[in-house]
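Participant: Let me begin by handing over the structure; questions about it come next.
The values are calculated or read from the model by the stated rules, or taken from the named source; none is laboratory data. Bear in mind that the values here come from a model prediction, so they are computed numbers and not experimental data. Every residue, glycine among them, receives a Cβ derived from its backbone with ideal geometry; neighbour counts consider all protein chains shown.
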C-alpha cells in the first residue's frame, strides 16, 4: 500500500483516522490502514509526530491529494 510505504520512510510516528470515527491507526501498518476501510473521497485526518514530522506530513498530504498518483 502506497500510504504505509511512504509513511514507513520517516522516523516520525504517523497516525490516521477517518473523519467520521475516533479510532486512530498506525499509518505505517498496511493491515491497520486496511482496517480503516476508506473508499474514494473518504475524509481522513493524518497526525505526524517526531523529528521529521513536517516532511512526513507534506509527503503524505501530497500523496493523498494526488489520489495516490493513479489518475
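Participant: State all residues of region 52-68 that are loosely packed, with under 14 Cβ neighbours inside 10 Å, under 18 Å from residue 8 (Cα atoms) and modelled with pLDDT under 95; if no residue qualifies, say none.
Facilitator: 68
Participant: For residues that are in contact with a strand residue (DSSP E or B) (Cβ under 8 Å, 6 or more places away or on another chain) and closer than 12 Å to residue 4 by Cβ, scanning just region 19-29, find the one that is surrounded by the most Cβ atoms within 10 Å (Cβ to Cβ).
Facilitator: Ranking the candidates gives 27 first.
Participant: Shifting gears a bit: Taking region 30-47 on its own, how many of its residues are over 14 Å from residue 4 (Cβ atoms), modelled with pLDDT of 90 or more and in contact with a helix residue (DSSP H, G or I) (Cβ under 9 Å, 6 or more places away or on another chain)?
Facilitator: Count: 1.
Participant: Now, a different point. On the given criteria, is residue 3 touching a helix residue (DSSP H, G or I) at 6+ places or on another chain (Cβ under 8 Å), in a helix (DSSP H, G or I) and loosely packed, with under 14 Cβ neighbours inside 10 Å?
Facilitator: No; evaluated as a whole, the condition is false for this residue.
Participant: Kindly list, by first and then second residue, each pair from a residue in region 43-67 that is touching a residue at least 60 places away in the same chain (Cβ under 8 Å) to a residue that is outside any helix (DSSP H, G or I), limited to pairs with Cβ atoms under 8 Å and residues at least 6 apart or on different chains.
Facilitator: 64/44; 64/46
Participant: For residue 55, state whether it is in a loop (DSSP other than H, G, I, E, B) and over 11 Å from the mean Cα position of the chain (by Cα).
Facilitator: So residue 55 does not fit the description; no.
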